[in-house]
1. Does ALA139 satisfy the criteria of being surrounded by 14 or more Cβ atoms within 10 Å (Cβ to Cβ), touching a helix residue (DSSP H, G or I) at 6+ places or on another chain (Cβ under 6 Å) and farther than 21 Å from ALA108 by Cα?
2. Looking at region 266-296, which of its residues are open to solvent by 20 Å² or more (accessible area, probe 1.4 Å), more than 11 Å from THR111 (Cβ to Cβ) and not in a loop (DSSP other than H, G, I, E, B)?
3. Could you pull out the residue among ALA197, ALA169 that is without any contact (Cβ under 8 Å) to a residue 12 or more places away in the chain, in a loop (DSSP other than H, G, I, E, B) and either in contact with a helix residue (DSSP H, G or I) (Cβ under 9 Å, 6 or more places away or on another chain) or open to solvent by less than 50 Å² (accessible area, probe 1.4 Å) (or both)?
4. Please state which one of GLY299, GLY263 is of a type outside the set (Phe, Trp, Tyr), open to solvent by less than 40 Å² (accessible area, probe 1.4 Å), closer than 29 Å to GLU32 by Cα and free of Cβ contacts under 8 Å to residues at least 60 places away in the same chain.
5. Quick check on this structure: which one of GLU212, GLU177 is more than 25 Å from ALA276 (Cβ to Cβ), in contact with a Phe, Trp or Tyr (Cβ under 9 Å, 6 or more places away or on another chain) and assigned to a helix (DSSP H, G or I)?
Amino acid sequence: RGRVSRVTVGVDLGGTKLAVVRLSDGAIEARERLANTAFSDGLVACAIAGVASAWTDEVEAIGVGVAGLVRWPDGVFVWGPHVAGHDVSLRTELESHFGVPVVVDNDANVTLHAEAITGAAVDRDDAVLVTLGTGIGGAVLAGGAIQRGGSFAGEFGHIAVAADGEPCACGRSGCWETMASGPALARLALREAARDAQSTFARAMPSSGIPEAVLALAATGDTTSTRLVNEVGVALGHGLVILTTVLDPQVIVVGGGFGSAAGDLLLDPAREALAAGLHGQPHRSAPPIVTAHHGSDGGAIGAALVARGAVEEEPS
């Protein structure tokens, strides 16, 4: 008999987007990005809409990554500062709706799984992933396995780094993500534009998509934009000093929509800040900081790969 392909769907539910991929034996058959307007109808409805966009009868399992606290392995979305809802039994609801096995995890955990299998962390047993987008997510690979702690490990974005810092969506102030994320760059840009509304920089700022606009200007060599991106990059590097001091990873992978779009414009100042701030030098080297191989699709790809792994581990 001919070999039957393993088909899985992965969905990444983030603060501003919903990414979906359909994998057949690990290869992408289809991908789609949807607006997260379905969030207003509830997290379950949003997830169902995402899966349905790539669904066929051949799908064996579904994986979902969600930005926030996810109780493992129950697949309960407990809470997140950028995604509406709390204590949602997402795994149970989706299995009931679709009738196939479902795996639900934190979005950064599944993204790092993808990078460890087919991306920037291949052949690494110890790695850190930092996802930069609406906020900062994170995941830890130690001894070749994703580390979840009790369930919620890797919430790097909410490490307090500034006692009198900016308010955070989590309800506290001074969290790392308020200084080194897409909204952090937008906030700096708006403040800069407000200083001189008639400046070339202020006139170039759109009403939306500000981080992307600043990055585009910085890529042309605009000095104001470059300075602002550098400021965010240095803040990113300062946080990476903390993570490296605690975890000593072999590689740091930076992903997420904002991180992938920024690339070396952001990572070069982060590399300099990490190298300058890491203790024990010159007797040690800072780990390399690299861009995620799968870019902004990493969460959906990782979710589909985790679902595939869960099916393959089941006895036939």
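The values are calculated or read from the model by the stated rules, or taken from the named source; none is laboratory data. As the structure is a computational prediction, the values presented were derived from the model and not from experiment. Positions of Cβ are backbone-derived with ideal geometry, glycine not excepted, and every protein chain shown enters the neighbour counts. Calculation scope for accessible area: heavy atoms of the full protein, side chains included, ligands and nucleic acids excluded. Shrake-Rupley method; radii C 1.70, N 1.55, O 1.52, S 1.80 Å.
1. Answer is no for this residue.
2. ASP268, ARG271, GLU272, ALA275, ALA276, GLY277, VAL290, THR291
3. ALA197
4. Only one candidate qualifies: GLY263.
5. So the residue among GLU212, GLU177 that is more than 25 Å from ALA276 (Cβ to Cβ), in contact with a Phe, Trp or Tyr (Cβ under 9 Å, 6 or more places away or on another chain) and assigned to a helix (DSSP H, G or I) is GLU212.
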